[in-house]
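Presented below is the structure to which this report refers.
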Amino acid sequence: MKKAVNRSELTFKKSSYSSVVENCVEIALPEGTDPIAIRDSKHPDGPILWCGPRAYRSFTRAVRAGELRPR
């Protein structure tokens, strides 16, 4: 069983493509096969979305390929 992750132990990074005023997500990359933490940069104390490395790679590939568009 994995130990609970303390929010203060996570180091989140914002994309270098983001500006200060734009909406952005931030990620904290895990060690090994631990899940990736994703949060809204406007609400750093808000909820965290967790996903596995494989799902995250699929998501970022789709974004780069332009397969995901805002509605």
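The values are calculated or read from the model by the stated rules, or taken from the named source; none is laboratory data. Values in this document were obtained by computation on a predicted structure and should not be read as measured data. Glycine also receives a Cβ, built like all others from the backbone with ideal geometry; neighbour counts cover every protein chain displayed. For the accessible areas, the whole protein counts, side chains as well, though only heavy atoms, and no ligand, DNA or RNA atoms are used. Shrake-Rupley method; radii C 1.70, N 1.55, O 1.52, S 1.80 Å.
What net charge do the residues around Val63 carry, taking every other residue with its C-beta under 12 Å from that of Val63, with Lys and Arg at +1 and Asp and Glu at -1?
Residues near Val63 contribute +3 overall.
If Ile36, Ile27 are ordered by their accessible area, calculated over protein heavy atoms with a 1.4 Å probe, which sequence runs from highest to lowest?
Output order, biggest surface exposure first: Ile27, Ile36.
Taking the Cα-to-Cβ direction at Phe59 and at Asp45 and moving 7 Å from each Cα, how far apart do the two end points lie in nm?
With each label point 7 Å from Cα toward Cβ, the separation is 2.4 nm.
Please list Arg7, Arg39, Arg61 in order of solvent-accessible area, largest first, computed with a 1.4 Å probe with all protein chains present.
Sorted by accessible area, descending: Arg61, Arg7, Arg39.
Using a 1.4 angstrom probe on the protein heavy atoms only, line up Ser58, Ser16 by accessible area, largest first.
Ser16, Ser58
Quick check: residue separation of Glu31 and Lys13 times 0.36 nm, minus the Cα distance between them. What number comes out in nm?
5.0 nm
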